[in-house]
Every structure is written in C-alpha cells, then in structure tokens.
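Enquirer: Below you'll find the structure I mean.
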Amino acid sequence: MTSLALSTKFSLYPNSTFLQFRCPNKTQRISFPKKTQIACSATEQPKGQQKRPKKKKSVTDSEKGIDPVGFLTKFSISHKQFSQFLRERHKSMKDLTDEIFNRHIDLRDMASGFEILGIHRHPEHREDYMEWAPGARYCALVGDFNGWSPTENCAREGHFGHDDYGYWFIILEDKLRDGEKPDELYFQQYNYIDDYDKGDSGVPIEEIFKKANDEYWEPGEDRFIKNRYEIPAKLYEQIFGPNGPQTLEELEEIPDAETRYKAWKEQRKDDLPSNTPCYDVIDNGKEYDIFNVVLDPVSQEKFRAKKPPLAYWLETRKGRQAWLKKYSPCIPHGSKYRVYFNTPSGPLERVPAWATYVQPDAEGEQAFAIHWDPPPEYAYKWKNSRPKVPKSLRIYECHVGISGSEPKISSFSDFIEKVLPHVKEAGYNTIQLIGATNLYAVSSRYGTPDDFKRLVDEAHGLGLLVFLDIVHSYSAADEMVGLSLFDGTNDCYFHTGKRGHHKYWVTRMFKYGDLDVLHFLLSNLNWWPTEYQIDGFHFHSLSSMMYTHNGFASFTGDLEEYCNQYVDKDALLYLILANEILHALHPDIITIAEDATFYPGLCEPTSQGGLGFDYCVNLSVSEMWSSFLETVPDHDWSMNCQHINGNRKFADKTLMYAENHNQSISGGRSFAEILFGEIRDGSHDTEKLLLRGCSLHKMIRLITLTIGGCAYLNFMGNEFGHPERVEFPMPSNNFSFSLAKRRWDLLAKEGLHRNLFRFDKDLMNLDENERVLTRVLPSIHHVNEDNMVIAYLRGPLLFVFNFHPTDSYEGYGIGVEEAGEYQLVLNTDEIKYGGQGLIKDDQYSRKTISKRGDGLRNCLEVPMPSRTAQVYKLSRILRI
C-alpha cells in the first residue's frame, strides 16, 4: 500500500524550481540545484581516466539560415541606419529569448498562461485561482458563492500566497455534503472533466493497492517495499552489533567506506543468487569515497523496461457521480465573481484579467466575471474539423451584434442561422469577426462561450475559416473590465506617464518590454486557436503600438522614419514573438497586419529581419475611393493606379478592400450611402443617379480585387450596397437600435441591391474558378487619362475599365501578348447586374488582330460602354 502513498506534482507557481510533495500532515519542499548531474553507467570509465567531452561547436546564425537584414538584401535595399537597427533588434531578440528561458521552459510555456492562470478545476476536488497583481498587498476571490466576503477565500503567506513576481494563488476546496465523510486518501482524485462517466467501479482502495502489489512486483521485488526498515536495521546491526550505540557520544570511529565494503563482500561471497539487482562497486584508489557503480546488464535492462504503476494510480480515481455525491462545487457553474485586492491606495475589486466569460455593467450594476464550467455532458462538443486554408482569401468582415434584421442586439445563434448561410452563398471563404470578444472572454451580449464555439464549428462545417480582429495595440482605459490600474498601480500592464496613454484616443498602451505582460498577451493569442479553434488574426492598428507617437506623424517613406527614436523596439519584438509562436504552435494559422505606415518587412520571415505576418492590409485604397466619391468630380478622376497597385515589392502579401467597417461604423459613410443617398432624397434624376451609383459600385470592387493583392475583404452588407450606416445605441440617439442592424430583406426582392449582390457573388466565383488572387500580380500596360481607360493582364484574363462618365468606345484597341480568341466572362453592364446590356451576345467573343499595341505583339478591339468594365479570358490560342 505504501508504494502508492506519495503524491508528486509540480508546483503551481510558474517560476519556482522545486517539486512539491504533499504528505498527510505537512508539505515538504525538496529543492534541486539548477544544474544536477547523476551518472550511472556499466561502461563508465574510472573518474580520473574519463575523457573530457568535446565542446559542441556553436551554430552561427548564418548556418541556421538567419540573416537580420535578409529582406533588405532580397530587395537590393541599402540603408546603413536601418540595417544597423535590424541587427540591434536581432540581438535584443536573442537577449529577450534568453530572459524568457530563465523563467519558462520554452516559448510554448510562455504562451500558455491560460492553463494555470484564472480559475481551473483541479482533480483533487477543488478549484485553483491564480492572478498576476504585483502591486497588491492582499488578494481574495469574492462572489455570490461566498457572499462576496473578502476574507473567506484569500491568498495567504507561504503556499497560499504569492511569489516574487506578483502571482497570487488561491485554493478553493469543494464543500463536503452533509453526512459524507472525508476521502480515505488525501490525494483522492475525481474524473469530473475527462472520462467523466468512468471511475465509479466501487472497488475499495485497499483492493486496488493489493492488486498493484500482487501484479506489479515480481517475487522478492516488493520485499523491501513492504519492510522498508529491514535494510537499515540489518545494516546497523552488522556494523554495530545487536547492542550498538544509541547516541552520538557512544558512537565509536566508523571504518572508511572501502574497508566496510570489502568486509561486506567477503561475508557475502558464498550467498545464493537473489532477485535483487546484481551490482559491484569499483574503487580506483582515490582518497575520497567516490565509486563507479557497475550494474548487471540484465538487471539494468529489466529495471529500465519496468513502467511505473500509473495504471493502478489512475484506478484509484473516482468518477463524477461519486464527486457529486460527496461534494458540492466550491464555485457553482454560472456564479458571479470578482477578484478583491488590498492596495496601497485602498481596497478595490476587479474583473479578473484571465476571466473567460464576463457580464458587462447593466442597470447600474458594475461588471463581473461568470464562472463557466458546465457539466461535461452538457459542454459543447466539436463536430467539424478545420477547413484547409484556401489558396486565396475572400474575407467577409462581420459584427455579430448588428448582424440581424431586427433593431436589437443579435446573438451568436442569430448569426449562425441568418449570416453564415449568406456568406457561403455569396462565395466568401472566411469570416472575420470584430467586436465579438474581450481579451479572453467572448462578448456575453451575444451568448455564452459554448454558443461561440458552435458559431466557429458551424462555420467550419460550411468550409469557412474564422478570423478574429485582435486588439493588442492598445487597451480600454476602463478600470473594472479593462486593465487600467488593475492592481491599484499605474504600471501593472501599461507604461506610466504620457507613454502609457494614446496620443489621441482615450486608451492605455501596453508595456511590451515586461515579461509578464508578454506572457499575458502571447497566451491570449494562443488561447483563441486552442480553446475556440480560431484560424487567424487581424492585428488591429499596429501603428498605434509601433511608434511612441502612435502613428500620428508624417511619413515620407524614408527608412530612417522606421528606426528613429520614436520607434518602440519592444513592440516590434512582441510582434516577432507573436508570429513565431503562433506559426510554431498552429502551422496553418493566418496573421494579418493592419499598419497605415507600411512598416518595412511586415510580411517577411522573421529569420530574414521581417515581422513574420502572412498578409498586410493596404489601407490607402479605401481612402482613395472615398476621396474620389466624395470630393472629386467624375471627369477628374485620375487613372493613376499607384495607390491600388501598391508597392509591388510587397504586393504579393497584400490584402485589399474597397471598404471595410470603417466606412460603415467608425463615423464614415459607406459607398452605397454616398452613391445612392441623393436618390433617397428624391432631389435628382433617380434613374441617372441609380445607373451611375450601380456602375461605380461594381467597378470599384472589380478593380480593387483584381489589380494589386492576393486577398480581399468586404464588410457585411456592403456587397449588396447596404443603404444605411451603422450607429450603435448611445445617448446621442436615445439608445436607439434603429441603425444597429442589416437590411437583409432587401435581397428578397428584385432591384438594385439584389443586382449588386449577384455581381459580387459572380466576382467571388471568378476568383474561385480562375484563381485570380493567386496569380502573378498584373503589370498595368494601358492607362489613358483622357479616355479614362485602364487595362491589365493577370494570368489568362484581360481586365478593361472605362471610367469615363459619358464617352463609350465601339472598338477600343488593347494590347495583348497572346494571339487568339478571347471570351467575355464578366461584364458589369449586364442587365442582371443592374446595367444597360449594351454589349450584345455576338460581341462576347473577340479575336485579336495582328497589330502591336501597348508594347505587346497583338491587339484586341473591344466595345467599352461608359462606366463599365469587362473581363476577357483567352479561350483559344492562334498559332501564326
């Protein structure tokens, strides 16, 4: 029985170097030095004759394929100051990694804080709570489970306390039910999470221990386990006789170890073989008593092959039913709670930073966390596997709360029922959710954590990836739900002084150079793919964090602006770590950078001096279109596509969009609101404005998707020209929900919005069938400012645009390289898209003429009505 009576477990303090052994009466700590080496070898040479092992040759960065300025060399960029900055940043990354490894086993451990921080159920009928609050003097967990008492469940000194880094640890024991007796074993564990329906076999513990000793140990092996004092007693008797000394004063001089060993060997030379391992000790004549132990190879192999008796140990576990019968949970599922701190500035309560379910303040009540621990039989079970990452991303940006057609806050269930089927039908392959989560908690306004899991699962079942808009570039200044003054100090998670506040927004700026802040943020990134199977992240507003001026400065493109004193090197190191850890732990994950300053190397590998993102957003395209629509007359539109085509060195990693949530939510106006707003006012020629708006709406989307990127994004409803902006309930509108919705009903009837949706759907199908976004970026070979015509080739497709508001062209010549027959595959002027249908069916197939055009060998003459665009595909090559 004693063979299984010691419970060994790692300390829950993340930075300690000791193992804890919990015994019935007290807790013992056995500390190990940092470097401990124990050697036992059958072929080990004598100590004095051992050869010193050769020092392993260190591998240089170049041998590892690491070049801190690699992407500069790749693009033939020469800039001494920026190159030096990249080399210094690489050295700082090495130092940071070494610092991390001093406190964490590896980078995965660094990014897995959610496994021990927050509230977690422990197998030994208890809940463990851990929180980082270095500025607090006292920590307790309060909630409706303990009458909000700040003294009942608190951290104490010692084991129930905090470590030197400010991590507080609280154990909450389950409550023994009336009439029940405590467990016979102090280490009794229960299967109430994994294998919750197993373990209630009813076999007494004594029988399990007897079975272990009978089945596990061979005859003779358990002799000294059952009689643990036999050897010491006999050894004592052999050395001192039956009446040996009982005190140190009576103890005479003891012979040296060599003499005692040789005498013992002489006495045992005629002993019969036994089941105990055969061994010998070789003395090399040294003055000090260090010997090499030579073990019998058969016994050694037998010992190594013997597995620990874990199966018997696990058999002592009881099941969930036994736990429920004996105990009541210390924190029932659904309980409200907060963390209570006593700080130098007084007592305060906070929503725990690692809380996974938070109820916001409502009806005058402050926010609180909700303990989410449903019974295993009711917890959500995943049904669908993650889809494969598509070669091209067509992202549908969504906001769950405004996704319904009713003037109310929509739920995850509403989104699953109404929006997901629409996204699938529309031809998108990814959804990107904004405003759906806090740092570790999904928004309770929309549903429970299990509801969100169901949303992700159903999306995966439809073949849709799920991305989150992650905001690590700043944090809300709220003190209860946010992290501001979390432990009563101003520098827990954030910088102090001006640097700790955004220059223009009322937000706080993270302290990226602090290891515990990095631990929190990196764990947050790992949390969503691990717990909710999220497929990617859109990193919001990186310029706010990468510069101490928060990106509010003029950028000319000089590389000096990306390495001067205003650059936050700690933030850059965090982004590098984030990408390296995410791609190592989740190889298929996608990371997207949103940076208005186009920081060099955003999407280059971290080993080559980049930040490691998969895509970066081209923000200037949307700004250009908004400017054209609102301030520039149609005749004055420039055909210079520099903003759209972007920097070709980085365009193969660019995500493009004509408009996203900024035009609809962040105080702006959507393109549909600009184009069709006057029509609703009834003050102009309705038909003329309708045709203009419909034409430009389609052309802008077509050119944005096809001309300069490898991924595309659209905000929910904009694909069919949603006529209204989004406005959340607020005091200025008397908390009205009238504009906090989407008009899905517009798609149910023929007309403008259904026509625009048809075109957008066929545009998505064009990419799906022709792989437009995955092809080599086009070279714009035809630009005519006077005629307002643009043309370019991308793969086998020819794209032609006539932005002129009045002029049409019957046979406009466009240069092409391949001679042959070109088929019209997409035409913005088709009647089903709300066009005039000016191009007839017999004009859909065009043959090239033997004439050079635009520097290419052949020419294709095509009809081009005003404000229309066409896509031609080379269907048959003519050999000349």
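Okay, residues lined up against (1) farther than 27 Å from Pro344 by Cβ; (2) modelled with pLDDT of 90 or more; (3) open to solvent by 10 Å² or more (accessible area, probe 1.4 Å):
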| residue | (1), (2), (3) |
| --- | --- |
| Gly118 | no, yes, no |
| His122 | yes, yes, yes |
| His125 | yes, yes, yes |
| Met130 | no, yes, no |
| Asn153 | no, yes, yes |
| Phe160 | no, no, yes |
| Leu172 | no, yes, no |
| Arg177 | yes, yes, yes |
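Enquirer: Just checking, does the range 421-437 include any residue being at pLDDT below 95 and basic (Lys, Arg)?
Expert: No, the range 421-437 has no match at all.
Enquirer: Okay, moving on. Taking only pairs six or more apart or across chains, which ones have beta-carbon atoms under 9 Å, a first residue in the range 476-496 that is touching a residue at least 12 places away in the same chain (Cβ under 8 Å) and open to solvent by 50 Å² or more (accessible area, probe 1.4 Å), and a second residue that is among the aromatic types (Phe, Trp, Tyr) and part of a loop (DSSP other than H, G, I, E, B)?
Expert: Every condition considered, the pairs that remain are Glu479/Phe486.
Enquirer: With (1) closer than 19 Å to Phe169 by Cβ; (2) open to solvent by 20 Å² or more (accessible area, probe 1.4 Å); (3) touching an Asp or Glu at 6+ places or on another chain (Cβ under 9 Å); (4) not charged (D, E, K, R) as the list, and Tyr138 as the residue in question, which single condition is left unmet?
Expert: (3)
Enquirer: Given the condition in a strand (DSSP E or B) and within 30 Å of Asn524 (Cβ to Cβ), answer yes or no: does some residue in the range 191-210 qualify?
Expert: Looking through the range 191-210, at least one residue is in a strand (DSSP E or B) and within 30 Å of Asn524 (Cβ to Cβ).
Enquirer: Would you mind stating whether Leu464 is in contact with a Phe, Trp or Tyr (Cβ under 8 Å, 6 or more places away or on another chain), modelled with pLDDT of 90 or more and farther than 23 Å from Arg338 by Cβ?
Expert: Yes, satisfied.
Enquirer: Go through (1) under 28 Å from Tyr493 (Cβ atoms); (2) open to solvent by 70 Å² or more (accessible area, probe 1.4 Å) one by one and return the number of the condition Arg338 breaks.
Expert: Condition not satisfied by Arg338: (2).
Enquirer: Take the residues in the range 543-569 that are on the phi > 0 side of the Ramachandran plot and small (Gly, Ala, Ser), then tell me which one is surrounded by the fewest Cβ atoms within 10 Å (Cβ to Cβ).
Expert: Looking at residues that are on the phi > 0 side of the Ramachandran plot and small (Gly, Ala, Ser), I get Gly557.
Enquirer: Please work out which one of (1) within 23 Å of Glu531 (Cβ to Cβ); (2) open to solvent by 10 Å² or more (accessible area, probe 1.4 Å); (3) among the aromatic types (Phe, Trp, Tyr) is the condition Tyr190 fails and give its number.
Expert: (2)
Enquirer: Which residues, counting only those in the range 744-776, are open to solvent by 30 Å² or more (accessible area, probe 1.4 Å), under 30 Å from His635 (Cα atoms) and of a type in the set (A, V, I, L, M)?
Expert: Leu752
Enquirer: State which residue pairs qualify: first residue farther than 24 Å from Asn213 by Cβ and inside the range 227-248, second residue part of a loop (DSSP other than H, G, I, E, B) and open to solvent by less than 90 Å² (accessible area, probe 1.4 Å) in any location, beta carbons under 6 Å apart, and separation of 6 or more residues or different chains.
Expert: From the range 227-248, the pairs are Pro245/Leu251.
Enquirer: Quick check: is even one residue across the range 422-434 touching a residue at least 12 places away in the same chain (Cβ under 8 Å) and open to solvent by 30 Å² or more (accessible area, probe 1.4 Å)?
Expert: Yes: the range 422-434 contains one or more residues that are touching a residue at least 12 places away in the same chain (Cβ under 8 Å) and open to solvent by 30 Å² or more (accessible area, probe 1.4 Å).
Enquirer: When you check Lys698 against the structure, is it modelled with pLDDT under 90, closer than 30 Å to Leu798 by Cα and not assigned by the TED database to the domain that holds Phe415, yes or no?
Expert: Against the criterion (modelled with pLDDT under 90, closer than 30 Å to Leu798 by Cα and not assigned by the TED database to the domain that holds Phe415), Lys698 does not qualify.
Enquirer: Just checking, does the range 148-155 include any residue being in a loop (DSSP other than H, G, I, E, B) and in contact with a Pro (Cβ under 8 Å, 6 or more places away or on another chain)?
Expert: yes
Enquirer: Here is a follow-up. All but one of (1) in a loop (DSSP other than H, G, I, E, B); (2) open to solvent by less than 40 Å² (accessible area, probe 1.4 Å); (3) of a type outside the set (Gly, Ala, Ser) hold for Asp469; which doesn't?
Expert: (1) is the only condition that Asp469 fails.
Enquirer: Can you tell me how many residues within the range 572-597 are surrounded by 20 or more Cβ atoms within 10 Å (Cβ to Cβ), within 27 Å of Ser622 (Cα to Cα) and not charged (D, E, K, R)?
Expert: Summing the residues that are surrounded by 20 or more Cβ atoms within 10 Å (Cβ to Cβ), within 27 Å of Ser622 (Cα to Cα) and not charged (D, E, K, R) in the range 572-597 gives 8.
Enquirer: Can you find a residue that is closer than 21 Å to Ser638 by Cβ and of a type in the set (S, T, N, Q) anywhere in the range 826-842?
Expert: Yes, there is a match, as at least one residue in the range 826-842 is closer than 21 Å to Ser638 by Cβ and of a type in the set (S, T, N, Q).
Enquirer: Output the residue which, of all residues in the range 821-851 that are hydrophobic (A, V, I, L, M, F, W, C) and either open to solvent by less than 70 Å² (accessible area, probe 1.4 Å) or in contact (Cβ under 8 Å) with a residue 60 or more places away in the chain (or both), is farthest from His697 (Cα to Cα).
Expert: Ile849
The values are calculated or read from the model by the stated rules, or taken from the named source; none is laboratory data. Small disclaimer: the values here were computed from a predicted structure and weren't measured. When we count neighbours, we look across all protein chains shown, and the Cβ atoms used for this are built from the backbone with ideal geometry, even at glycine. For accessibility, only protein heavy atoms count, side chains too; no ligands or nucleic acids. Shrake-Rupley method; radii C 1.70, N 1.55, O 1.52, S 1.80 Å.
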